[in-house]
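What follows is one structure encoded as structure tokens, with my remarks underneath.
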């Protein structure tokens, strides 16, 4: 029975990592499709959505089954509940990569509004955050997870900057408007991907240390 | 022990309903602040965010404690895991109500761009979806939950309509742009609130019937 349970936990972990690398690949391809103006690449991202959705359901069902059949305690329980939360965040990240790819398909049909500088920079930080949050989970590295949370502000600031710059493009002429709105949405989706990486990192800290750090609760409890 | 556990479950349920009614009130006030151009009301919504965040953490901690100490099975287990998911969705809805209130504060400072028609209509359907998803949870009413999921398309369509109409306002002149972007974001936030109500309803169907209906999985399995 125990060995069986351990194998099921391992299986759950593997499925979660499979989903994580699929979602990482989708995020990366969605941004590359925009930078390289490659419609086929964007369409592949859109097609991957079904696969992520199926994985989400499988992981959720397996987690619930493990909880129900084995009623685990302590660290196994924390592992399973963290896996369920991370699963949820990954699925939404997948959706956001699809949203970026959809904007990309639209944008490629039109001439380039401006050279992209801040968005690739935002994408780079965001992808690193996603990758590090999952590495932190795999290695039970709560210090790395806390670093990810601290980088979220950087992405928020870049998003603000992109937003303000694109507003000025819109003011310059109506022909810029749809493209500028598309790019504002791309930046907004990236910012939300970074939020989900932050959520995952918060869950990793809880999983490893049993401490909640959401909403800066530690500082607030100290006050 | 058993009686104690039942009381703790009841306590968890009560806290979740308290959070739900706070979030419903925030959504309603954020939209009313925009329609009535009432800055004070919007600021109250923004201030409520801390309360929702604290409740989210309390509900999460209590759920995990119940899982760890009592290792519940069957319907109690489904209740607790559903409570954790609903908790997560409610917290994000609270964030989105805050985002709407922030746009509202901005918009009130400027003259009204246009009479609001579609946004209040979207808000009405969305609020009803939120309310019904929670009623479905309280009454274990999976039929009502499924109805909520079906209404999500209506909100998506209204969002599309709002988006297209506001683009035309932007084209008419640069002075309209910031207000139109603000209103596009309000509609987008409402659409995401409706998505979370749909998530809650999907969780209710799982809680009541043990069936996953996410991503139209039932139809896909039949194919």
Can you name every residue in the range B:181-195 that is away from chain A (no Cβ under 11 Å) and either out of contact with any helix residue (DSSP H, G or I) (no Cβ under 7 Å at 6 or more places or on another chain) or more than 19 Å from residue B:37 (Cβ to Cβ) (or both)?
-> B:191, B:193, B:194
Going through (1) more than 14 Å from chain B (Cβ to nearest Cβ); (2) under 16 Å from the mean Cα position of the chain (by Cα); (3) within 15 Å of residue A:195 (Cβ to Cβ) one by one, residue A:157 fails only at (2)
Confirm whether residue A:178 is within 13 Å of another protein chain (Cβ to nearest Cβ) and either over 20 Å from residue A:112 (Cβ atoms) or out of contact with any helix residue (DSSP H, G or I) (no Cβ under 7 Å at 6 or more places or on another chain) (or both).
-> no
Somewhere in the range B:41-48, is a residue within 14 Å of chain A (Cβ to nearest Cβ) and more than 21 Å from residue B:137 (Cα to Cα)?
-> yes
Which one is farthest from the other protein chains (Cβ to nearest Cβ) among residues in the range B:61-75 that are closer than 10 Å to residue A:68 by Cα and surrounded by 14 or more Cβ atoms within 10 Å (Cβ to Cβ)?
-> B:72
Restricting attention to the range A:148-175, report how many residues are without any contact (Cβ under 8 Å) to a residue 60 or more places away in the chain, surrounded by 15 or more Cβ atoms within 10 Å (Cβ to Cβ) and closer than 21 Å to residue A:24 by Cβ.
-> 7
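Let's see how each residue does on (1) loosely packed, with under 12 Cβ neighbours inside 10 Å; (2) farther than 23 Å from residue B:88 by Cα:
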site	(1), (2)
B:10	yes, no
B:14	yes, no
B:26	no, no
B:33	no, yes
B:37	no, yes
Considering A:214, A:124, A:222, which residue is surrounded by fewer than 16 Cβ atoms within 10 Å (Cβ to Cβ) and at pLDDT below 95?
-> A:222
Can you find even one residue in the range A:107-115 that is in a helix (DSSP H, G or I) and at pLDDT 95 or above?
-> yes
Which listed residue, of B:126, B:168, B:211, is over 26 Å from residue A:48 (Cα atoms) and within 12 Å of chain A (Cβ to nearest Cβ) = B:168
Regarding residue A:96, is this residue more than 10 Å from every other protein chain (Cβ to nearest Cβ), surrounded by 21 or more Cβ atoms within 10 Å (Cβ to Cβ) and over 19 Å from the mean Cα position of the chain (by Cα)?
-> no
Can you spot a residue in the range A:42-53 that is in contact (Cβ under 8 Å) with a residue 60 or more places away in the chain, touching a helix residue (DSSP H, G or I) at 6+ places or on another chain (Cβ under 7 Å) and buried (at least 18 other Cβ atoms within 10 Å of the Cβ)?
-> yes
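The values are calculated or read from the model by the stated rules, or taken from the named source; none is laboratory data. These figures come from a predicted structure and were not determined experimentally. Virtual Cβ from ideal backbone geometry, glycine too; neighbours counted across all protein chains shown.
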